[in-house]
Amino acid sequence: MSQPFRTEKGGRIDRAEQLTFTFDGEELHGHKGDTLASALLANGIHLVGRSFKYHRPRGIVTAGSEEPNALVGIYRNGDQTPNLRATQVELYQDLQAISQNRFPSLGFDVGAVNDLLSPLFPAGFYYKTFMWPKSFWDRVYEPIIRSAAGLGRPPKNPDHDYYGNQYAHCDVLVVGSGPAGLAATLAAAETGARVILCDEQAEFGGSLLSVASASIDGKDPSIWVSETIQKLSAMANVTLLPRTTAFGYFAHNFIALAERVTEHLKDPDPKLPRERLWQVRAREVVIAAGAIERPMAFPENDRPGVMLAEAGRTYLNRYGVKVGHKVLVATACDTAWQAAFDLADHGVEVVAIADIRETPPDNLISIAKARGIRVEAGCVVTGTLGRKRVKAALLGRLMTSGQVASGGQVECDALLMSAGWTPTVSLYSQSRGKVVWDAEKGAYVPGKPVQKERSTGASKGLYGLQATLEDGYAAGEEAARAATGKTATFTRATASGGEAGNGGTLGALPHDRDASRVKAFVDYQNDVTAKDVKLAVREGMHSIEHIKRYTTTGMATDQGRLSNMNALQIASGSLERPMPEVGLTTFRQPYTPTTFGLFAGVARGDFFDPVRKTPSHDWVVGNGGVFEDVSQWKRAWYFPKTGEDMHAAVARECKTVRESVGLFDASTLGKIEVVGPDAAEFLERMYTNPWKKLAPGRCRYGLLLNDAGFITDDGVIGRLAEDRFHVTTTTGGAPSVFATMEDYLQTEWPDLDVWITSTTEQYAVAAVQGPKAREVIAPFIEGVDLSAEALPHMSVKEATFCGVPCRLFRISFTGELGFEINVPRRHGRMLWETLAAEIEKHGGTPYGTESMHVLRAEKGYIIVGQDTDGTVTPHDAGMSWAIGKKKFDFVGKRGLERPDLIAENRKQFVGLLTKDPKVKLEEGAQITTAETPATGTPAEGHVTSSYYSPALDRTIALAVVKNGHALEGQTLYVPMPDGSIPVEVTGTVFYDKEGARLNV
Amino acid sequence: MLLIYCPYCQVKRAETEFHCGGEAHIARPSDPSKTTDEDWVDFLYTRSNIKGVYAERWRHIHGCGRFFNAVRDTVSDDFLKFYKAGEPMPDLNALAAEAGK
Ligand SMILES: [Zn+2]
């Protein structure tokens, strides 16, 4: 029950509500208001993980989202989410957490041998070690890397949570709710502007929640925060989003926010999503993201118990947790002194304040003296002792020579460090702004805005409570005025205390140790040391981008927010070039790791992609049909009877169509209604074929090219009236054909008086094909004479089917007598079921897309996209007949005259018959002239379609072959792994070459 | 995500409602048979692909369906002008200077 490092009083935790949780199975206690990190620290637990490369023991370093070490797995609903930052995980009753990257346990980890072998893992070791031998990659290196790499284990089950999505517009978006952010929000909200305030933390207030020695309007800063939030909550024009990270700043002030909705709750409302993605379009943005403290790069600065000074202060003042009983404070700047003072005021023994500056400010020294704290000026930490927790630190005295003399050893169970502050410029950088080097501040700060944003407070390097408040008010006012033109007068708070500090250092600190034996970490998460950065420079990496990738510094999940500045300074020293010349790598989205679920939202499972079904769908399901996916459509593939496999079913379907009759659902074909006085002229210009002389009531096959001259689509087009055409397209090509038509109509030929409308979804289409087709439809059709004389092949008439208006086409994609009946889609099921029952009476069969493919291949009809690939011209396809020779122009006409398109040796569309009629070629197989071509011989072409033909009782294939039209009768080869297959080149029509069966 | 103004609907909408149609003001020759092979290939394939301010086509595909043109700085993605199809290409240099590009 005891929490030995909990303070007597203070903090924002609810001491009345005790919570039980487990860490690696051990039962522990904390309070409501704790994070997992603060609760662990209250129990005296610093060791929370093993490092990525060397498996060194690691402790909690920060109190925020930049935490590099304390990555844990959390069990929830029977599954485990890895790599959550313990500093952001809010404690709830029965929370179960585990440490990561250790085996068999956190205390004893066999991977720690990597630390002893660390001379083998220098910078760039992946590049160096794994170059040779090649065969070792598969068998040795990759398995080792895979088992050793990564931190947490991925969840085993599909994500059982769901995720919300919200679009929002606002006048002003404020990111961050510290003093600057709150002031900006107030100032903007007072003008009446619509304001969204988001903060990644559970509570608003930022640094104001950790301050013990300042006041705003005479009150504790946290009281001012509560009052301000209360006021803002009551304003209808303000949206407050806690636990919400602005993770991406995109073009045109589009900002993505990740709101964590339920993960902090033990038993959340199941109706609520785990997270919600906010896609915000903000007129103006105020970035009040604050600054983060920099670690000091001294030897063994990664020992558990070593943490940032401000984190120590936050754990004390906000969470009521002492990070240790004997604390050493090592600093290069003023702010860390306040942490020492606050700890002393809570009865913690501060063993010393070691400031690397020769003369720290007198006022700080006297405050320390008054509390009896030993002060060491001009003093650096040169190392730490202890195994799983720091137990002592080595001090060194900085000499004027730049050398370091041993300064003895102090016992401590925690070490707070501060090398100064780094403004958080991530969002500014994401907005495509270029940061500029501020030599006085020793920091990169936002340069001129590229988008409609401004940074305020610490995120632009401005410190001090009063100054920050003032700057925040000004930023909020300016943003509201820019967004809405409105201003307002309101009372502004004034602060006392919380003055800006001075000081700070960058890079590796000097020490008196054996440089070859010690590690001073720059990037904790990726285990990059100061030595690694120097080595990278020695080995020729002179650009910061190369140094980053070679050492992996700054490539961890915090994108180098903790490490970049130290690494840059070390690189700058080694390169002997000033910092600004070395440059800074770009911060990219996302600001912190973001779940895939958030991006997927509801687009999962059935909602991943729309499923389009035709009116016969349920009937097909009920009659044992098998479906295939054709773009988004579910199409009936074949209809197996009991005991039939696909081959048998398709053979039966094809035979039945040729001998009696078959029924096919053609609803998925694209349909476009082209209407207007210039409709014929428009089609004349779009398609290769002539249209003006086509009589109403007649159809023509249309071939569509692009202006380069290549086939892009085809379909039958019927003329219903002088000014009205019914155009069909391929199933997959429907949207692009429609878009292409719109493009030419709107932008090239706006003079044409034509309207085009997509009618794909308006009609259900049943194709009845076979010698008995006329008998099958006759009982249901009224208003049209079905005789061959009145309704010849390639005709269209308006009629009724069972009293429902229909467009009746006499067309065929099988080579048999055929009709396609288009009815309004709502009658589609009636159409299908009526015909399905009728064909059964005639011994017919429904057939699917597979039989449709075989039947059309027997007739040599192309399928655009299967037999063509975007480089096939009508001449190549043997379809020169489809080109209107006398036409002035059509899309693709000029393209067809290009030298390469009329050159010799183009691949041409042919038929292939294997010498052995039982052998079926593989679609895509290459074709050669030699039976066993030498390696590297280019292919003459490839097989585009290949089937068993029931009508011929043998296999047939279609192909494109160089000069194929001239090769008819010749033998070519299809080399396959188990031998070369000889084939004879033929024409493309295998069945009923004269077309006699069509005209009955 | 870009914010795009449709000059026909006269509203600003998110990029997801639109489809980019590539460089604008590349007119299809009115008598293609009179163009040389080189000119035709230029028409088909050659685009300026510049870093900076240029005019491009957009279609309000999930809105009114109309094609229109926009002047965009390809470096910043800032739009400098939206105008209807058929209107002449604005003076890009003047627009760039005005926007301080
Ligand atoms: Zn529009």
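The values are calculated or read from the model by the stated rules, or taken from the named source; none is laboratory data. Values in this document were obtained by computation on a predicted structure and should not be read as measured data. As a convention, Cβ positions derive from the backbone with ideal geometry for all residues, glycine included, and neighbour counts pool all protein chains shown. Note: areas computed on protein heavy atoms with side chains; ligands, DNA, RNA excluded. Shrake-Rupley method; radii C 1.70, N 1.55, O 1.52, S 1.80 Å.
The share of accessible area on segment A:189-318 that comes from carbon and sulfur is 50 percent, using a 1.4 angstrom probe.
For segment A:659-682, the residues whose backbone nitrogen is under 20 Å from a point 7 Å from the Cα of A:ARG724, taken along Cα to Cβ, are A:670-682. Note on chain A: helix-only mean residue ellipticity at 222 nm, from DSSP H runs of 4+ residues weighted -39500 (n - 2.57) and normalised by residue number, equals -6000 deg cm²/dmol. Computed from Cα atoms, the angle from the helix A:828-841 axis to the main principal axis of chain A rounds to 50 degrees.
May I ask you to derive the FRET efficiency for A:LEU385 and A:ARG588 from their Cβ-Cβ distance with R0 = 51 Å, giving the value to the nearest 0.05?
The computed FRET efficiency comes out at 0.85.
Taking the Cα centre of segment A:362-461 as the origin, how large is its charge dipole in debye, to the nearest 20, when only Lys and Arg (+1) and Asp and Glu (-1) carry charge on their Cβ atoms? Before the final figure, lay out each step's value.
Working: 15 positive and 7 negative charges, 77 e Å.
The dipole of segment A:362-461 has a size of about 380 debye.
Site pair A:THR359 and B:ALA96 shows an inter-label distance of 5.5 nm when each label is modelled 7 Å from Cα along Cα→Cβ. Take the Kirkwood radius over Cα pairs of segment A:664-856, plug it into Stokes-Einstein at 37 °C and 0.692 mPa s, and you get 192 µm²/s for translational diffusion. Backbone amide hydrogens, once placed in the peptide plane, bring B:GLU23 within less than 5 Å of B:ARG57, excluding anything fewer than 5 places away on its chain. For segment A:317-376, just list the percent of Cα-Cα distances falling in each 10 Å bin from zero outward, please. Calculated P(r), rounded to whole percents: 23, 59, 17, 1. Helix A:179-190 and the longest principal axis of the Cα set of chain A meet at an angle near 60°.
Accessible surface of B:LYS101, taken over heavy atoms with a 1.4 Å probe and every protein chain present, rounds to 100 Å². For segment A:780-894, the spread of Cα coordinates along the three principal axes comes to 48, 32, 29 Å, biggest extent given first.
Put a dot 7 Å past the Cα of B:ALA14, heading toward its Cβ, do the same for A:GLU673, and the two dots end up 3.2 nm apart. Each of A:HIS542, A:HIS511 has its accessible area taken with a 1.4 Å probe; listed largest first, they run A:HIS542, A:HIS511.
Using R₀ = 30 Å, calculate the FRET efficiency as 1/(1 + (r/R₀)^6) where r is the Cβ-Cβ separation of A:GLN409 and A:SER2; round to 0.05. Calculated value: 0.50.
Cross-link check: pairs A:LYS452/B:LYS101; A:LYS460/B:LYS101; A:LYS32/A:LYS322; A:LYS918/A:LYS962; A:LYS671/A:LYS907 evaluated at a Cα-Cα cut-off of 22 Å; pairs beyond the cut-off: A:LYS460/B:LYS101; A:LYS918/A:LYS962; A:LYS671/A:LYS907. Taking every C-alpha pair closer than 8 Å and separated by at least 6 residues, the mean separation divided by the residue count of segment A:520-593 gives a relative contact order of 31 percent. Give the relative contact order (percent, whole number) for chain A; include only Cα pairs under 8 Å separated by 6+ residues. Contact order relative to length: 9 percent. What accessible area, in Å² to the nearest ten, does a 1.4 Å probe give for A:VAL864? Approximately 30 Å² for this residue.
Between the beta carbons of A:GLU984 and A:ALA903, assuming R0 = 30 Å, the FRET efficiency works out to 0.70 to the nearest 0.05. Among A:GLY860, A:VAL211, B:ALA97, flag the residue with its Cα farthest along the positive direction of the charge dipole of the protein assembly as shown, charges on Cβ as +1 for Lys/Arg and -1 for Asp/Glu. Farthest along the dipole direction, towards plus: A:VAL211. Comparing A:LEU584, B:TYR83, A:THR955 along the charge dipole axis of the protein assembly as shown, the residue lying farthest to the positive side is A:LEU584, per the Cβ-charge model. Sequentially through segment A:530-536, phi angles give Karplus couplings (6.51, -1.76, 1.60; θ = phi - 60°) of 4, 4, 4, 5, 5, 4, 4 Hz, Gly and Pro residues having no value and appearing as x.
Couplings for segment A:62-77, taken from phi via the Karplus curve 6.51 cos²θ - 1.76 cosθ + 1.60 with θ = phi - 60°, read 10, 10, x, 6, 7, 3, x, 9, 7, 9, 10, x, 10, 8, 8, 6 Hz in order; Gly and Pro are left as x. Label positions at A:ARG577 and A:LYS887, each projected 7 Å from the Cα along the C-beta direction, are separated by 6.0 nm.
Counting only chymotrypsin sites (Phe, Trp or Tyr not before Pro) that DSSP places in a loop and that have at most 14 other Cβ atoms within 10 Å, the longest clean stretch of chain A runs over A:109-489. Cα centroids of segment A:231-272 and segment A:766-836: 58 Å apart. Among the trypsin sites (Lys or Arg not before Pro) found in segment A:883-940, those both in a DSSP coil and sparsely packed, with 10 or fewer other Cβ atoms within 10 Å of their Cβ, are A:LYS885, A:LYS886, A:LYS915, A:LYS918. Loop sites by DSSP among the GluC sites (Glu not before Pro) of chain A, restricted to those with at most 16 other Cβ atoms within 10 angstrom, leave A:9-357 as the longest stretch without any of them. Partners of A:LYS885 within straight-line reach, counting lysines whose Cα lies under 19 Å from its Cα and excluding those fewer than 8 residues away in the same chain: A:LYS692, A:LYS693, A:LYS893, B:LYS34. A straight Cα-to-Cα reach below 12 Å connects A:LYS156 with the aspartates and glutamates A:ASP79, residues fewer than 8 places away in its own chain not being considered. Given their separation in residues at 0.36 nm each and the Cα-Cα distance between them, A:ILE223 and A:ASN237 gain 2.7 nm when the chain is fully extended.
Roughly how many Å is it from the Cα centre of segment A:487-552 to that of segment A:435-474, as a whole number? Computed from Cα coordinates, the inter-centre distance equals 19 Å. Fully extending the segment from A:ASN999 to A:ARG432 would add 197.3 nm, taking 0.36 nm per residue of separation and subtracting the current Cα-Cα distance. Taking the C-alpha atoms only, the angle from helix A:734-743 to the longest principal axis of chain A is near 90 degrees. The listed residues A:ASP606, B:ASP91 rank as A:ASP606, B:ASP91 when sorted by accessible area, largest first, using a 1.4 Å probe.
Accessible surface comparison of B:CYS20, A:CYS654, probe 1.4 Å, protein chains only, largest first: the order is B:CYS20, A:CYS654.
Take the Kirkwood radius over Cα pairs of segment A:520-593, plug it into Stokes-Einstein at 10 °C and 1.306 mPa s, and you get 133 µm²/s for translational diffusion. The alpha carbon convex hull volume per residue for segment A:904-999 rounds to 101 Å³. Remark on the protein assembly as shown: A:CYS170, A:CYS198, A:CYS333, A:CYS379, A:CYS412, A:CYS654, A:CYS699, A:CYS802, A:CYS806, B:CYS20, B:CYS64 stand apart, with no other cysteine beta carbon under 4.7 Å.
Alpha carbon centre of segment A:4-83 versus segment A:159-179: separation in Å? Spelled out, the Cα-based centre of one part sits 26 Å from the other. Over chain B, dividing the summed -39,500 (n - 2.57) contributions of all DSSP H runs of at least 4 residues by the number of residues returns a 222 nm mean residue ellipticity of -4000 deg cm²/dmol. Put simply, the amide H of A:ALA297, placed in the peptide plane, has neighbours under 5 Å in A:LEU509, leaving out anything fewer than 5 places away on its chain.
Across the cross-link table entries A:LYS797/A:LYS886; A:LYS326/A:LYS369; A:LYS486/B:LYS12; A:LYS772/A:LYS841; B:LYS51/B:LYS84, which are compared at the Cα atoms, the separations over 19 Å belong to A:LYS797/A:LYS886; A:LYS486/B:LYS12; B:LYS51/B:LYS84.
Histogrammed with a bin width of 10 Å, the alpha carbon distances of segment A:896-960 distribute as 20, 41, 28, 10, 1 percent, first bin at zero. A full extension of the chain between A:ARG954 and A:ASP609 corresponds to an added length of 120.3 nm, given 0.36 nm per residue minus the alpha carbon distance. Here chain A is treated as a Stokes sphere of Kirkwood radius computed over C-alpha pairs; at 10 °C and 1.306 mPa s its diffusion coefficient rounds to 47 µm²/s.
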